[in-house]
Amino acid sequence: MKEKIMAASIELFEQNGFSETSIQDIVDALGVTKGTFYYYFTSKEELLMDIHLRYIERLLDEEERIISDKRRSVREKLYDIIFMLIHNVERQGREARIFFREMKHLNEEHLQKVKEKRDLFRYRLQSLIEEGMKSGELRCDLSPSIATLTVLGAANWSYQWFRPDGELTDAEVAKQMVEILLDGMSAPSVSKAE
């Protein structure tokens, strides 16, 4: 039932926004009582936090798996992370839109928990970029933090414009983004990844 409440809430939050969706709207959509809702969540805001944490924790798990793969180059890992972020819009578009759009409704304590995990994602990506700069695979004359924020800004904003049924697949979009973003960071002697 907890998953059903979350799924119905995600749909309603996307359609109507967090502020415009009441607990009554959520329970009406499921045909259950408010008591059922309060058995799983103390408030609508706690539900929103759980949606945010579940979303970012999945991304963190996948990022860790990608980064720890010793067989892949930094460029390949960056492609995998960008692809994962864009592909996530296809798989979990509603959650992605809620994650970015509704974060402002979290209280300070809940927002801090989400920000800590979001920062962890960012700093792990930055460490990967720094590794590529040290190894000579990426240009070392760029700021690692600006490079990281550029990659994240481009990939994360895709929730606004990427359409799974559009002209390009998520893999094609990721490939083009990597070429646009990383060719500007690649050292002159490093050839493009296939």
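Determine the pairs where a residue that is in the same structural domain as residue 129 (by the TED database), located within segment 59-75, has a partner that is of a type in the set (A, V, I, L, M, F, W, C) and part of a loop (DSSP other than H, G, I, E, B) with Cβ atoms under 7 Å apart, the partner being 6 or more residues away or on another chain.
73/193; 75/193
So which of 118, 122 is open to solvent by less than 60 Å² (accessible area, probe 1.4 Å), of a type in the set (Lys, Arg) and assigned to a helix (DSSP H, G or I)?
122
Give 120, 85, 149 a once-over and let me know the one that is at pLDDT 85 or above, touching a helix residue (DSSP H, G or I) at 6+ places or on another chain (Cβ under 6 Å) and in the same structural domain as residue 59 (by the TED database).
Only one candidate passes the filter, namely 85.
Is there a residue in segment 80-97 that is over 18 Å from the mean Cα position of the chain (by Cα) and among the polar types (S, T, N, Q)?
So far as segment 80-97 goes, no, none of its residues is over 18 Å from the mean Cα position of the chain (by Cα) and among the polar types (S, T, N, Q).
Limited to segment 155-175, what total is found for residues that are more than 16 Å from residue 75 (Cα to Cα) and open to solvent by less than 30 Å² (accessible area, probe 1.4 Å)?
Matching residues across segment 155-175 total 4.
Take residue 117 and tell me if it is without any contact (Cβ under 8 Å) to a residue 60 or more places away in the chain and either in contact with a strand residue (DSSP E or B) (Cβ under 9 Å, 6 or more places away or on another chain) or basic (Lys, Arg) (or both).
Judged against the criteria, residue 117 is not a match.
Among the listed residues 60, 47, 85, which satisfies the condition of being surrounded by 19 or more Cβ atoms within 10 Å (Cβ to Cβ) and closer than 29 Å to residue 133 by Cβ? Even if it seems obvious, please write down each step before you answer.
On the way: 60 fails: surrounded by 19 or more Cβ atoms within 10 Å (Cβ to Cβ); 47 fails: closer than 29 Å to residue 133 by Cβ.
Unique residue meeting the criteria: 85.
Under 6 Å by Cβ, and 6 or more places apart or on different chains, what pairs join a residue from segment 18-43 that is closer than 18 Å to residue 97 by Cβ and β-branched (Val, Ile, Thr) with one that is part of a loop (DSSP other than H, G, I, E, B) and open to solvent by less than 40 Å² (accessible area, probe 1.4 Å)?
So the pair list comes out empty.
The values are calculated or read from the model by the stated rules, or taken from the named source; none is laboratory data. The structure displayed is predicted, hence computed values, not measured ones. Note that each Cβ is placed from the backbone with ideal geometry, even for glycine, and that neighbours are counted across all protein chains shown. Surface areas here come from the heavy atoms of the whole protein model, side chains and all, with no ligands, DNA or RNA. Shrake-Rupley method; radii C 1.70, N 1.55, O 1.52, S 1.80 Å.
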